[in-house]
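Enquirer: After the structure tokens below, expect a handful of questions from me.
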Amino acid sequence: MIAIQDEQLDLSLPFDDREIGPAQEQFLANLQANILKGHGRDHVALLFLEIVDIDKARDFVRNFQVSDALTQLRQTQAFKQTGQSGDDVQLLFLSQAGLNKFGRGSDFEDVGADLFSAGMKNDIEVLDNGSTQSWQPEFKRSTTDLLLLFAATELDDLARATGNLSADQEFNKAFEIILVQEGLAYHNKNNHGVEHFGYVDGRSQPLMLKSAIEAEANSGGIDQYDPSAPLNQFLVQDPLSDQGFGSYFVFRKLEQDVAGFKRAEEELSSFLGARPDQEVESEQAGAMVVGRFENGFPVTSLIEENGDKQIGDGVEVANNFNFDQDQQGSKCPFHAHIRKTNPRSSGFDKSVQMARRGITYGMRLQHPETKEFIDKPNDGVGLLFMSYQASIEDQFHFMQTSWANNEAFPDDQTGLDPVIGELGVDGHPIEQSWPLLGNQPDQQGRKKKLFAGFVSLKGGEYFFAPSIAGIRSLGVI
């Protein structure tokens, strides 16, 4: 419990945003937007900055207009009523190196944030082959001190905001721009966000707002899987200010080899005996890789009648399911991406889950009616993975290393997560075990085949998202 204006806010519970009083307003107005709920904009620009003049950097953070959670929630409510888009979003994050330059690095020494303090470059367990060899030159060469995120509904608005900033003489005296990274969201025909392999993305999110939990319960239900999550899974007391809360922020640029992935899907489908004349079955191998069909329908919910297979249309992407009826992994293999990263069982701790706020990057061609991707690039496209959590050690790092990368999770013969699993320094991955497809009598059981290596890490860093009071405190010597 924490006190705000003589009232109590229980961080062990989700936040009740259905009726916001003065105390809740105070809490929200000091919290950066995008943590409690995603900003929902389709255009993003990330500015990775190195501080070159600390006095001018102090002036900048003192005056930078950071978007707050209170404004975001109010504008979200207005959008539901009127359809009017909210303001552009502006957020600010600092690495340990940046905090050191502001003279505040020691504030994070005793808060259990060792991985944050060391930086992602030194967290070799989450790197491809344990090194930064796969990183692009900008991330290899420099350490980011400060990260700015701009998000807008319209591309012109994003270009205007970032263009005005990059043309500002005082800004350019304060910082060197290491990289400007753009993000662009893609949607399928049902207007659900999709990643470059073509699958609905971001559906299974932990929900920390009572209104979102209520909406989920009323639409798909939460009796099989309850996505509600407490605030303390994502928020910590801000070491920069005792007046507010912040969150640890993970950024990773993940490049996707779409052509290689799609070719491997087809090879796996043929290898497992899928019948080409059965449309659902021909897509089932890819669904077992991810854990969902491309439209988001869970592979565990696949219906089979008289040899025919049926899936839902994906208009409402199901989230109210678990793996209790598939304990042998005969429908959704244990190594499937969504099963590796969210086992959906009472035997696993849901507090590992992060608030994921990623967005795709790179240009693709989509069919104007079906919204299917037309091209299949080998590189230049991917996901800007971004997540909020109370602990990098217990959430992002644990999920990546103990679950996704761990070939023995949940048992000795599981293998890597075929989407985001990373090999270690001496990695020789085992072949994953796949259920056979088709209904021929001689096609019962499983076959082993390796599926991995289509996502590469191009750069990343660990940041802290301070409270707004914490940001302002950096402007004071």
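The values are calculated or read from the model by the stated rules, or taken from the named source; none is laboratory data. From a predicted model like this one, the values you see are computed outputs, not experimental measurements. Every residue, glycine as well, gets a Cβ built from its backbone with ideal geometry; the counts of neighbours run over all protein chains shown. Areas reflect the complete protein model, heavy atoms only, side chains present, ligands, DNA and RNA absent. Shrake-Rupley method; radii C 1.70, N 1.55, O 1.52, S 1.80 Å.
Enquirer: With +1 assigned to the C-beta of every Lys and Arg and -1 to the C-beta of every Asp and Glu, and no other charges, what is the dipole magnitude of the chain about the Cα centre in debye, to the nearest 20?
Expert: Numbers: 41 positive and 72 negative charges, 107 e Å.
So the magnitude is around 520 debye.
Enquirer: Cβ neighbours within 10 Å, averaged per peptide: list 367-376, 231-240 in order, most packed at the top.
Expert: Working: 367-376: 11.9, 231-240: 21.9.
Listed from highest to lowest mean packing, they are 231-240, 367-376.
Enquirer: I'd like the FRET efficiency for Ile54 and Gln84, computed as 1/(1 + (r/R0)^6) with the beta carbon distance as r and R0 of 35 Å, rounded to 0.05. Walk me through the numbers on the way to the answer.
Expert: Details: r = 40 Å, r/R0 = 1.15.
So the FRET efficiency works out to roughly 0.30.
Enquirer: Rounded to two decimals, what is Rg over Rh for the range 148-258 when you use alpha-carbon atoms and the Kirkwood radius? List each step's numbers first, then the result.
Expert: Numbers: Rg = 18.9 Å, Rh = 18.3 Å.
So for the range 148-258, dividing Rg by the Kirkwood Rh gives 1.04.
Enquirer: Under a 5 Å amide H to amide H cut-off, with H placed in plane at 1.01 Å, what residues pair with Lys447 once short-range neighbours are removed?
Expert: Amide H neighbours of Lys447: Trp434, Leu436.
Enquirer: Using the Karplus curve 6.51 cos²θ - 1.76 cosθ + 1.60 with θ = phi - 60°, what ³J(HN,Hα) values do you get for each residue of the range 373-378, in whole Hz, with x for Gly and Pro?
Expert: Computed from phi, the couplings for the range 373-378 are 5, 9, 8, 9, x, 8 Hz.
Enquirer: Would you mind working out the accessible area per residue for the chain, using a 1.4 Å probe, and quoting it in Å²?
Expert: On the way: 21000 Å² over 477 residues.
Result: 44 Å² of accessible area for each residue.
Enquirer: Could you let me know the centre-to-centre spacing of the range 94-130 and the range 354-374, using Cα atoms, in angstrom?
Expert: Taking the Cα centre of each part, the range 94-130 and the range 354-374 sit 32 Å apart.
Enquirer: Does anyone have the angle between helix 54-63 and the longest principal axis of the chain? Alpha-carbon axes, 0 to 90°, nearest 10?
Expert: The helix 54-63 is inclined about 80 degrees to the chain.
Enquirer: Additional query: Output the 0 to 90 degree angle, nearest 10, between the alpha-carbon long axis of helix 155-166 and the longest principal axis computed from the alpha carbons of the chain.
Expert: Approximately 40 degrees, to the nearest ten.
Enquirer: Quick one: net charge of Phe271's neighbours, Cβ under 12 Å, K/R +1, D/E -1? Write out the running numbers ahead of the final one.
Expert: Working: positive: Arg446, Lys447, Lys448, Lys449; negative: Glu265, Glu266, Glu267, Glu431.
Summing Lys/Arg as +1 and Asp/Glu as -1 gives 0.
Enquirer: Using a probe of 1.4 angstrom, how much of the accessible area of the chain is carbon and sulfur, in percent? Please list the in-between numbers first.
Expert: Numbers: 9610 of 21000 Å².
With neighbouring chains kept in place, the figure for the chain is 46 percent.
Enquirer: Could you list the chymotrypsin sites (Phe, Trp or Tyr not before Pro) in the range 87-159 that lie in coil according to DSSP, counting only those with at most 12 other Cβ atoms within 10 Å of their Cβ? It would help to have the intermediate numbers written out before the result.
Expert: Values: sites: Phe93, Phe102, Phe108, Phe116, Trp135, Phe139, Phe150; in loops: Phe102, Trp135.
Sparse-neighbourhood loop chymotrypsin sites (Phe, Trp or Tyr not before Pro): none present.
Enquirer: Right, something else. For the range 7-67, build the charge dipole from Cβ charges (+1 Lys, Arg; -1 Asp, Glu) around the Cα centre, then report which of Pro22, Gln65, Gln32 sits farthest towards its positive end.
Expert: Looking along the dipole axis, the top candidate is Gln65.
Enquirer: Mind checking the full-extension length gain between Ser346 and Glu369? Use 0.36 nm per residue of separation minus the Cα-Cα distance, one decimal, nm. Intermediate results must be reported in sequence, preceding the final value.
Expert: Details: separation 23, 0.36 × 23 = 8.28 nm, distance 4.16 nm.
Full extension of this stretch gives 4.1 nm more.
Enquirer: Let me ask something additional. Work out, step by step, the length gained on full extension between Asn122 and Asp10: first 0.36 nm times the residue separation, then minus their alpha carbon distance; give nm to one decimal.
Expert: Extra length from Asn122 to Asp10 when fully extended: 36.8 nm.
Enquirer: A further question follows. For the range 224-231, take each phi angle, set θ = phi - 60°, evaluate the Karplus expression 6.51 cos²θ - 1.76 cosθ + 1.60, and give the result in whole Hz per residue in order, putting x for glycine and proline.
Expert: Listing the rounded values in order: 8, 8, 9, x, 5, 9, x, 4 Hz.
Enquirer: I'd like the FRET efficiency for Lys448 and Ala217, computed as 1/(1 + (r/R0)^6) with the beta carbon distance as r and R0 of 35 Å, rounded to 0.05.
Expert: Plugging the Cβ-Cβ distance into 1/(1 + (r/R0)^6) gives 0.30.
Enquirer: Explain nothing, just the number: dipole magnitude of the range 100-157 about its Cα centre with +1 on each Lys and Arg Cβ and -1 on each Asp and Glu Cβ, in debye rounded to the nearest 20. Before the final figure, lay out the partial values.
Expert: Numbers: 5 positive and 12 negative charges, 71 e Å.
Here the range 100-157 has a charge dipole of around 340 debye.
Enquirer: A further question follows. If you plug each phi of the range 394-403 into the Karplus form 6.51 cos²θ - 1.76 cosθ + 1.60 with θ = phi - 60°, what whole-Hz ³J(HN,Hα) values come out, in order, with x for Gly and Pro?
Expert: Per-residue couplings from phi come out as 8, 10, 4, 4, 5, 4, 5, 8, 8, 10 Hz.
Enquirer: Using a 7 Å offset from the Cα along the Cα-to-Cβ direction at both Asp394 and Leu155, what is the distance between the two label points in nm, to one decimal?
Expert: A separation of 4.3 nm, rounded to one decimal place.
Enquirer: Continuing with this model, one more query. How much length is gained if the chain between Lys210 and His187 is pulled fully straight, taking 0.36 nm per residue apart and subtracting their Cα-Cα distance, in nm to one decimal? Display every interim value, and only then the final one.
Expert: On the way: separation 23, 0.36 × 23 = 8.28 nm, distance 2.64 nm.
Using 0.36 nm per residue and subtracting the Cα-Cα distance, I get 5.6 nm.
Enquirer: Going by amide H atoms built from the backbone, whose H comes under 5 Å of the H on Asp68, apart from near neighbours?
Expert: HN-HN under 5 Å from Asp68: Ala33.
Enquirer: Of Tyr462, Val111, Leu47, which is farthest towards the positive pole of the chain's charge dipole, taken about the Cα centre with +1 and -1 on the beta-carbons of Lys, Arg and Asp, Glu respectively?
Expert: Of the listed residues, the answer is Leu47.
Enquirer: Moving on to the next point. Among Val352, Phe385, Thr162, whose Cα lies farthest out toward the positive end of the dipole of the chain, if unit charges sit on the beta carbon of Lys, Arg (+1) and Asp, Glu (-1)?
Expert: Thr162
Enquirer: Checking the table Lys37/Lys309; Lys101/Lys340; Lys56/Lys458; Lys189/Lys309 against a 32 Å threshold on Cα-Cα, which pairs fail? Walk me through the numbers before you get to the answer.
Expert: Details: Lys37/Lys309 36 Å; Lys101/Lys340 39 Å; Lys56/Lys458 30 Å; Lys189/Lys309 22 Å.
Pairs exceeding the cut-off: Lys37/Lys309; Lys101/Lys340.
Enquirer: May I pose another question? Search the structure for amide H atoms under 5 Å from the amide H of Leu209, placed 1.01 Å from N in the peptide plane, and list their residues when 5 or more places away or on another chain.
Expert: Those qualifying (amide H under 5 Å, at least 5 residues apart or on another chain) are Phe15.
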